[in-house]
Amino acid sequence: MANHAILAAARVFGLARREVSDDRGTTTMRALALFGCCLLMVGCATVQPGTLSDFSEMKAEVSVPIWRDILFQAPYRKILESSNPVAEGHCASVGRKPVFVSMRGADLRGAVVLGGVGVTNKSDAIVLYRCEKERDEEEEAVRIALAAFSPDLVVHVWDKLSEAERRRLKDDEPFRRALDEGSLRIVSAEMDRVLGDVRQTPAPTSSPA
């Protein structure tokens, strides 16, 4: 993107030089104005690769250096194109996926001054992501169905089950039918049946090498 801006600026500057050669007396100010535009074009919307500035198992904060000017801002899309891969890499390292939360700009610094007016400056866009576990849609549907019978079933029973126990319940056809058609008594009975089977089944032992 920066290369395109520089080429465009060069074309504009070439036009300015032609104007000066045609009429040196009347186009000096116009050439200076066009040269100022060249600086603006080079400075606007140039986004550099992002880096991880702060992180944990639950979040990824990515700093994206940008060059911008007093008239133009770097497009949000370009900033996200730079920050997304960094956040995806970090969240994947902890077995999660990134969810965009917010974006903010840093204080301006490194301003280039031309005629007493700040023309371009370098700053950082700070993009915050939350690292979330990927949701199982079928499991989420079971949680919602249980909540329709009793929120306590979700809080005090379902959320305290192991992953294996939730998977067995989710895949058990009689239990799923009870969620669709049964009463709280039938749902509780089916849940007890499935969990009893899971807890009585001995865990497989590894054979000696």
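Of note:
- Carbon and sulfur %, accessible surface of the range 121-174 computed with the full protein complex present, 1.4 Å: 47
- All lysines inside 24 Å of K170 as judged from Cα atoms, apart from same-chain residues fewer than 8 positions distant: K97, K133, K160
- Among K133, K97, the sequence by solvent-accessible area, most first, with a 1.4 Å probe is K133, K97.
The values are calculated or read from the model by the stated rules, or taken from the named source; none is laboratory data. For clarity, every value in this text was computed on a predicted model and none was experimentally measured. We work out accessible area using only protein heavy atoms, side chains counted, and drop any ligands, DNA or RNA first. Shrake-Rupley method; radii C 1.70, N 1.55, O 1.52, S 1.80 Å.
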